[in-house]
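The values are calculated or read from the model by the stated rules, or taken from the named source; none is laboratory data. Every value quoted in this text rests on a predicted model; they were computed, and no experiment measured them. Don't worry about glycine lacking a Cβ; one is built from the backbone with ideal geometry, like all the others, and counts go over all protein chains shown.
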Amino acid sequence: MLRALSFVFGSSFIWSRSQLGIAAQTAIQPMVSPPPAGAAVRDGIVGGTEIEKVTGIGGFFFRAKDPKALGLWYEQHLGILPIPTTYGETGWQQEAGPTAFAPFKETSNYFGDAQKVWMLNFRVRDLDKMAAQLQSAGIAIKIDPQSYPNGRFARLHDPEGNPIELWQPKVPDTKG
């Protein structure tokens, strides 16, 4: 429970036994050094300390004016199945691949409308085919003409104006 609270609130409730002893002896909370900025978490180790890490995103939950209609739109146009209504049903299954997790400054214009505080980024196999499919359904999509070292991107909005980015990751060059 404390580990989850540490993750959620971004502070450290988890101390070593010696740190707990210091905290018990003094009324002052011990200083716990955060990992250096930009320090990577590899194999569950950060700053020399083993940590438990999440294994992926288990769900994305958000408010909608018309949840049923919006869920149907995501299913029809992006192939995302709704949450199963029984335990016997299977929900949307993602393919393995990289996932970006990036907080942005609250003043960023990367999402477009300043009132939108999040943007979904979905991986796709073929950006051009997905764009053609969406356009044929009357959905406006803008493909970024530039190809980046990590792939290609396009932008669209769902019916409630939420920003969506599509990403076709660059396939490593397999020529040898």
Quiz item: Among the residues of region 46-72, how many are of a type in the set (D, E, K, R) and closer than 23 Å to A100 by Cα?
Solution: 4
Exercise. Could you figure out which of (1) farther than 21 Å from G97 by Cβ; (2) outside any loop (DSSP other than H, G, I, E, B) isn't true of D113?
Key: (2)
Practice problem: Give me the pairs, please: first residue somewhere in region 89-101 and within 13 Å of F122 (Cα to Cα) and in contact (Cβ under 8 Å) with a residue 12 or more places away in the chain, second residue anywhere and charged (D, E, K, R) and in a loop (DSSP other than H, G, I, E, B), beta-carbon distance under 9 Å, and either six or more positions apart or on two chains. | Solution: E95/R125
Quiz item: Which members of region 133-160 meet the condition of being over 15 Å from Q76 (Cα atoms) and of a type in the set (D, E)?
Solution: D144, E160
Quiz item: Conditions: (1) of a type outside the set (D, E); (2) exposed (fewer than 12 other Cβ atoms within 10 Å of the Cβ); (3) modelled with pLDDT of 55 or more. L81 meets all but one. Number of the miss?
Solution: (2)
Quiz item: Does E75 satisfy the condition of being at pLDDT 90 or above, in the same structural domain as D144 (by TED's automatic domain parsing) and in a loop (DSSP other than H, G, I, E, B)?
Solution: no
Practice problem: Might you check whether a residue that is assigned to a loop (DSSP other than H, G, I, E, B), in contact with a Leu (Cβ under 7 Å, 6 or more places away or on another chain) and surrounded by fewer than 12 Cβ atoms within 10 Å (Cβ to Cβ) occurs anywhere in region 96-110? | Solution: no
